[in-house]
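The structure under discussion appears below in the form of structure tokens.
The values are calculated or read from the model by the stated rules, or taken from the named source; none is laboratory data. Computed from a predicted structure; not experimentally measured. Neighbour counts are summed over all protein chains in view; Cβ atoms, including those assigned to glycine, are modelled from backbone coordinates with ideal geometry.
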Amino acid sequence: MADIKAKVKNYFSLTKKEWNGMVVLIILIALVLTAPYINRLFRKDNTINTTGFNAALAQLKKAGYIKPSSSDYNKPGAIPNSVPHPKTIIEINGADSAHLTQIDGVGPAFAKRIIYYRERLGGFVDKEQLKEVFGMDDLKYNEIKDQVKVDPSRIHKININTITFDKLRLMPYLSYKQVSAVVEYRKQHGNYTSIADVKNIAIIDDGILRKIGPYLSFK
């Protein structure tokens, strides 16, 4: 029996070196287990207070320097990378292709389409006429409408008493038959004196007259 006790004692006995190693191991385990709690206790709060930024943003919107986005910056804690600068308003009757591409949403191809239609038309009387440009749907128009303006005094008028059939044919609002009717009426009745004379042409209704009226000259 004594021999068994001695063997057990010898089996579980530790040398000083082994004991020191165990103490160090226990300390390391304790540090690993308590580290998250210590870190949470001493860590500084890194949450960004957006109150001041949102107040400044609201003032910029109120002053008209920026437009609210679709989300209107309403996500909690959401901060944009930068505050947009006021956009330049482009006058589309005098703008060249380079100026038109300054409009957000208008690239070089779209700028060429706008210029091409403007030349056929003689200029824009109202910016809503941009909807008539090929590829300009309501979504695209709503994207750019606040970035453009129109100076109607810059349009090029048509002298309806001297214009040829081929040149009048470029007017987007008149069909081939309507252009023929305008030229034929002039041959039969002489020069036009006012828009009322054009109204006498049966196949040109009031809707067409409203569109072409601003572009006609009766000199």
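Annotations
- Scan of region 104-114 for residues that are in contact (Cβ under 8 Å) with a residue 24 or more places away in the chain and under 12 Å from residue 136 (Cβ atoms), ordered by number: 105, 106, 110
- Flag for residue 216 being in contact with a strand residue (DSSP E or B) (Cβ under 7 Å, 6 or more places away or on another chain), surrounded by 13 or more Cβ atoms within 10 Å (Cβ to Cβ) and under 18 Å from residue 117 (Cα atoms): yes
For every residue, the table says whether it meets (1) at negative phi; (2) buried (at least 16 other Cβ atoms within 10 Å of the Cβ); (3) touching a Gly at 6+ places or on another chain (Cβ under 8 Å); (4) not aromatic (Phe, Trp, Tyr).
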site: 152; (1), (2), (3), (4): yes, no, yes, yes
site: 159; (1), (2), (3), (4): yes, no, no, yes
site: 165; (1), (2), (3), (4): yes, no, no, no
site: 172; (1), (2), (3), (4): yes, no, no, yes
site: 182; (1), (2), (3), (4): yes, yes, no, yes
site: 185; (1), (2), (3), (4): yes, yes, no, no
site: 193; (1), (2), (3), (4): yes, no, no, yes
site: 197; (1), (2), (3), (4): yes, yes, no, yes
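- Among the candidates 146, 137, 96, residue that is surrounded by fewer than 17 Cβ atoms within 10 Å (Cβ to Cβ), touching a residue at least 60 places away in the same chain (Cβ under 8 Å) and of a type outside the set (Phe, Trp, Tyr): 146
- Within region 149-165, considering residues that are over 13 Å from residue 182 (Cβ atoms) and free of Cβ contacts under 8 Å to residues at least 60 places away in the same chain, the one nearest to the chain's Cα centre (by Cα): 150
- Being part of a loop (DSSP other than H, G, I, E, B), among the β-branched types (Val, Ile, Thr) and at pLDDT 95 or above is a description that does not apply to residue 114.
- Every condition in (1) farther than 30 Å from residue 100 by Cα; (2) assigned by TED's automatic domain parsing to the domain that holds residue 130 is met by residue 206 except one, and the failing one is (2).
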